[in-house]
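This report concerns only the one structure given below.
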Amino acid sequence: MNINKQYIKLKISILNIVLLSFISVSSFGQIFDSEQNPLSVKWRQINSNGFTLIYPTELEKEAQRMANTIGHIYPQVGQSLNRQKTSIPIVFQNRGTLANGFVQLAPKKVQFYTTPPQQFDSQDWLNNLAVHELRHVAQFDKITGGKAHPFPEEIYFAYMGLSIPTWFFEGDAVSTETSLTNVGRGRQPSWIMPFRTSLLSGKKFSYSKAYFGSNKDQTPGYYQMGYLMVSSLRKEFGKNIVDSLLTAIHDRPLRLYPFSQSLKEFTGNTTRKYYLKTATQLENDWKKQDELNKSENYKSLNRPAKYASSYFLPTELANQQILALKQTKAETAAFVVIDEDKNEKELIKIGYQEQPWFSYGNGILVWDEIRFDPRYKQRSYSVICMYDFASKTKRQLTFKTRLFSPALSGDGKKIIAVQIDLSNRSNLVALDPQTGKITTNYPNPENLILQTPALSTDGSQLCWTSINEKGKSLWLKDKTGKTTQLISETNQQLSRPVFIGEEIAFNASLNGIDNIYNVSPISKKITALTAAKYGAFNPSLSADGKSILFNNYQLMGYEIAKTPLSPKEIQENHFVYFGAAAEKQENTVNVFKNIPDSTYQSKSYQPLAHLFNFHSLSPTIDEDDRLGLLLKSNDLLNIFDFSAGINYYSDLRKVAYTAGFSYKSLYPILSTTFTNRPRTAFYRLGNAINQANWRENYLDIKATVPLSFSTYHRNYGFLAEIGASYTQRNFAPKEALLFNKTIKFPMNYKLGFSHSVRAAERDVAPKWAQIINLSYYNQPFDKRLTGDLFAFESAFYFPGIAKNHSFMASFDYQESSGILKFNNEINTVYGYGQINAKSELRNTLLLNYRFPFAFPDAEIGSLAYIRNLRGGIFSHYENIGTETNLTQPKTFGFELRSSINLLRYQPVVDLGARVVFVNKIYNQNPILELLFNYSF
């Protein structure tokens, strides 16, 4: 039996680079990055009340405001955890176009992505980030006690991940943002809508499914689940329950399931039982709300979905067909056209968006997509793309822009969009649909955050929503150029206004459920256009002008519905506010009232002067299972990593010493590792077998240029790398006469290319991808050691016979000589290490077919949550033409795998087994390989 610790997989690092470059993130997601900004960014810093604010120069005004805000609100944010002071750096990132924020340890810092999204809460974006992320700071300090030495951060971070479920961290932070302000996601019906829909539809998810998600159903989300559970805890057990739980975990850390045990200690319920209890109460409260609401049923215009599917922004075309942006768990995002019989035709697939968005007018379709800088992934752009129905062609209209939510006039002659610059100033711009050039720049003197504009049919009128610290507003610029505030600042989630004749329809939750409303520019009277049971969104006027199409939320996602244009009175608001008890306990009203307006001294921040930032001394296990201890340093801007440590060689009973760094600010990433290590070897001298023991100094240096970019739904990657090493051996006198004391700079060179299409959530491998890697090794500086090695690796992925199936063919070849003759640098057949070789490795052909066959979402008590079951068959060939041929593979067999969450922990574990049958010429019994891997 051979036990593999990781999947046997292609040794092509560029695939990982490409995949990681196009991961989507959500606002407030605790997703940590290690990416860099371009060298052109100049940084400044402000030190205030224990916080060090590090920011690009363009954000001076916003940094000053945040310096006043953060120091003022932290005592209130941390008050219920008895945390009044802290010390932590906050890094402001303004080059990206994805809104996010996180707090982390190892190294300890907060990171704000400052560009505001096009849909979020009814308050200033940075204020939004501050109250949420500072609560995480207080949580972390509560667990760690704020201790910084002796470098425990990584250990604390790992412990928190194992001891406290993520839903509790996030739920408490959302509860805090809701309790301390007039807004917060706990007040948004759309935010908790999936949970409400599932319970009222009779779909009660298990604790694990609600927490970890599903590959087939629309689940509540652990933020929402956490907020509702924490709100229930605070209502039932008072203001100090969160503090009591974290204190108990801090004081008694060495327990199995410390959070669940602590929860049972204070509430009498384990985590799972408290979830079920909360779900029952939620269902009862929501049923009462539903009885009070006068909801209507709407016929779905799309086919029933077998798994979670959404058809965003339905728009009726002239031929009564419906255009929509479809997103499902089984397919990547694409525009589809649906006919009267509900048949779907895919138009084009698209790339990643900040939020689902498009606009249609007169045969033209426009939308925005995210584009990342090929090298510096902290920099990204939001560009506008266009599709012409007449010519059936698509093109990217703008390049390296920061333009969001483009909207077309009904005649297709004008585009309006939101532009956000590097200082976080928003403004509306008009663009030429043919060239993409900005023709008009609309002033925004108050620097309101602007969102989701819309144009009238002839482009003569313009409407949009705005946000400031007082709330959201709805605006109109009429034909005369006059600007009118149709709806003044409110805490309502006003979003996505559109012209319905001379009036404007928009999304809001005036009756406690998200519905579509209408406002008259003349009277400013608001009427209701829908009365959905769970939520209605994204209206558009039908082709005949008598009805509206909209998104009607249902159990499987956003469906398409249609209703006559018949305004009605607004129903009474019966929203169930679960955060009322926590808000009363905090008794703050609004933490952002009375923020000081001081001017702080700022100074230049030089990244090179802050390269070393030691944070963790952690145990390690190297690739050969040797135990060690590593001291780690990472700077705050992700440009310099340093580590130094020791490893114990148990077989030699000696210690190795290592140190290394990676400098990532330049276009090439420069890496160096030094190791002083013990070595041993056996050699024959005369008729005697002798053992040589020595220590050697090994220096490895490498320069790598990883590049990746996307265009629509296609991703591309390039990798160039050059490396060298130097070895100095310290032999005993006898061995010094027999062996080379130095190995002088053997060189290695790598080039890689990859292309892949965007993957869907249920895909087990890429559907369509090509990966090629070339490697060359030689000894140009040491004439005593001759030999070289050339290696070619490839992988070609193709769609399988059914959806989410994948077939891979990998051909690999190497040619070697001299001292490198017996090195293997290409992918080998499964079971290679357990089979005696008949000749040196020259080439391999690996054929793999992988497929999912079940998505059980099965909870096996607290032991495991099974997300999916996958199968695979393979046929692998080695040294084709000499050792095997296409009718006689060297190994073949099958495998079974499953993605699971073990012991209710967040990391997803891939667990499985592979049976390898071996060609009879090798006289080898079948091999069983156990497969284990994990990811966050």
Handout entry: Sole residue being in contact with a Ser or Thr (Cβ under 9 Å, 6 or more places away or on another chain) and either buried (at least 21 other Cβ atoms within 10 Å of the Cβ) or farther than 25 Å from Gly361 by Cα (or both), chosen from Lys479, Lys470, Lys437
Key = Lys470
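Find the residue count for the range 522-542, including only residues that are outside any loop (DSSP other than H, G, I, E, B) and of a type in the set (A, V, I, L, M, F, W, C).
Of the residues in the range 522-542, 5 are outside any loop (DSSP other than H, G, I, E, B) and of a type in the set (A, V, I, L, M, F, W, C).
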Fill in the blank from the handout: Picked from the range 90-106 (must be of a type outside the set (A, V, I, L, M, F, W, C) and surrounded by 20 or more Cβ atoms within 10 Å (Cβ to Cβ)), the residue farthest from Leu637 (Cα to Cα) is Thr97
Practice task
Look at the range 165-180 and say how many of its residues are within 20 Å of Thr588 (Cα to Cα) and either in a helix (DSSP H, G or I) or out of contact with any Ser or Thr (no Cβ under 8 Å at 6 or more places or on another chain) (or both).
Solution key: 9
Exercise for the section: Inspect all residues belonging to the range 578-588 and state whether any of them is in contact with a Phe, Trp or Tyr (Cβ under 8 Å, 6 or more places away or on another chain) and not assigned by TED's automatic domain parsing to the domain that holds Ala318. Expected result: yes
Handout entry: Odd one out for Ala759, checked against (1) within 28 Å of Gly912 (Cα to Cα); (2) in contact with an Asp or Glu (Cβ under 9 Å, 6 or more places away or on another chain)
Key = (2)
Practice task
Only residues in the range 271-297 that are among the small types (Gly, Ala, Ser) count as the first member; pair them with residues that are loosely packed, with under 14 Cβ neighbours inside 10 Å, Cβ under 8 angstrom, at least 6 apart or cross-chain, and list the lot.
Solution key: Ala279/Lys204
Fill in the blank from the handout: Residue count, the range 140-172, condition of a type in the set (D, E, K, R) and free of Cβ contacts under 8 Å to residues at least 60 places away in the same chain, comes to 1
Problem - Inter-residue pairs, beta-carbon under 7 Å, first in contact (Cβ under 8 Å) with a residue 24 or more places away in the chain and in the range 733-755, second buried (at least 16 other Cβ atoms within 10 Å of the Cβ) and assigned to a helix (DSSP H, G or I), 6+ apart - result: Gly752/Ile14; Ser754/Ile14; Ser754/Leu15; Ser754/Val18
Handout entry: Top-ranked residue of the range 313-344 - restricted to ones that are among the polar types (S, T, N, Q) and more than 19 Å from Gly545 (Cα to Cα), ranked as farthest from the chain's Cα centre (by Cα)
Key = Asn343
Exercise for the section: Might you let me know whether the range 519-527 holds any residue that is under 30 Å from Leu422 (Cβ atoms), among the aliphatic types (A, V, I, L, M) and modelled with pLDDT of 95 or more? Expected result: no
Problem - Arg850 being crowded, with 20+ Cβ neighbours inside 10 Å, under 25 Å from the mean Cα position of the chain (by Cα) and farther than 30 Å from Phe157 by Cβ - result: yes
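Yes/no matrix, rows are residues, columns are (1) more than 26 Å from Ser495 (Cα to Cα); (2) out of contact with any Pro (no Cβ under 9 Å at 6 or more places or on another chain); (3) in contact (Cβ under 8 Å) with a residue 24 or more places away in the chain:
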site	(1), (2), (3)
Lys326	no, yes, no
Trp357	no, no, yes
Gly363	no, yes, yes
Trp367	no, no, yes
Gln378	yes, no, yes
Tyr381	no, yes, yes
Problem - Boolean, Ser310 is among the small types (Gly, Ala, Ser), within 33 Å of the chain's Cα centre (by Cα), closer than 28 Å to Lys342 by Cα and at pLDDT 95 or above - result: yes
Completion exercise
Residue count, the range 306-349, condition closer than 21 Å to Gly412 by Cβ, surrounded by fewer than 21 Cβ atoms within 10 Å (Cβ to Cβ) and small (Gly, Ala, Ser), comes to 1
Exercise for the section: Scan the strands (runs of 3 or more DSSP E) fully inside the range 545-638 and keep the ones with 1 or more residues being surrounded by 17 or more Cβ atoms within 10 Å (Cβ to Cβ) and of a type outside the set (Ser, Thr, Tyr). Expected result: 547-554, 557-564, 614-621, 627-634
Practice task
Inspect all residues belonging to the range 73-86 and state whether any of them is in contact with a strand residue (DSSP E or B) (Cβ under 8 Å, 6 or more places away or on another chain) and of a type in the set (A, V, I, L, M, F, W, C).
Solution key: no
Fill in the blank from the handout: In the set Leu719, Leu666, Leu707, Leu685, the lone residue that is exposed (fewer than 14 other Cβ atoms within 10 Å of the Cβ) and in contact (Cβ under 8 Å) with a residue 60 or more places away in the chain is Leu666
Problem - Whichever residue in the range 459-477 is in a strand (DSSP E or B) and touching a residue at least 60 places away in the same chain (Cβ under 8 Å) and, among such residues, is nearest to the chain's Cα centre (by Cα) - result: Ile467
Handout entry: Hits in the range 335-373 - residues which are farther than 24 Å from Leu455 by Cα and not charged (D, E, K, R)
Key = Ile338, Asn343, Leu347, Ile348, Gly351, Tyr352, Phe372
Practice task
Given the conditions (1) at pLDDT 95 or above; (2) surrounded by fewer than 19 Cβ atoms within 10 Å (Cβ to Cβ), report the number of the one that Phe151 does not fulfil.
Solution key: (1)
Handout entry: Residue satisfying all of: in the range 915-936; surrounded by fewer than 19 Cβ atoms within 10 Å (Cβ to Cβ) and of a type in the set (Val, Ile, Thr); modelled with the lowest pLDDT among these
Key = Ile921
Exercise for the section: Would you confirm whether any residue within the range 805-824 is at pLDDT 95 or above and in contact with a His (Cβ under 7 Å, 6 or more places away or on another chain)? Expected result: no
Problem - Whichever residue in the range 724-759 is hydroxyl-bearing (Ser, Thr, Tyr) and under 30 Å from Thr711 (Cα atoms) and, among such residues, is farthest from the chain's Cα centre (by Cα) - result: Tyr749
Exercise for the section: Go through Leu820, Leu774, Leu785, Leu751 for me and flag whichever is buried (at least 19 other Cβ atoms within 10 Å of the Cβ) and over 24 Å from Gly871 (Cα atoms). Expected result: Leu820
Problem - Boolean, Leu510 is under 30 Å from Tyr577 (Cβ atoms), of a type in the set (A, V, I, L, M, F, W, C) and either crowded, with 20+ Cβ neighbours inside 10 Å or not assigned by TED's automatic domain parsing to the domain that holds Tyr442 (or both) - result: no
Problem - Of residues in the range 188-207 being small (Gly, Ala, Ser) and not in a loop (DSSP other than H, G, I, E, B), the one nearest to Tyr558 (Cα to Cα) - result: Ser190
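The values are calculated or read from the model by the stated rules, or taken from the named source; none is laboratory data. For clarity, every value in this text was computed on a predicted model and none was experimentally measured. As a convention, Cβ positions derive from the backbone with ideal geometry for all residues, glycine included, and neighbour counts pool all protein chains shown.
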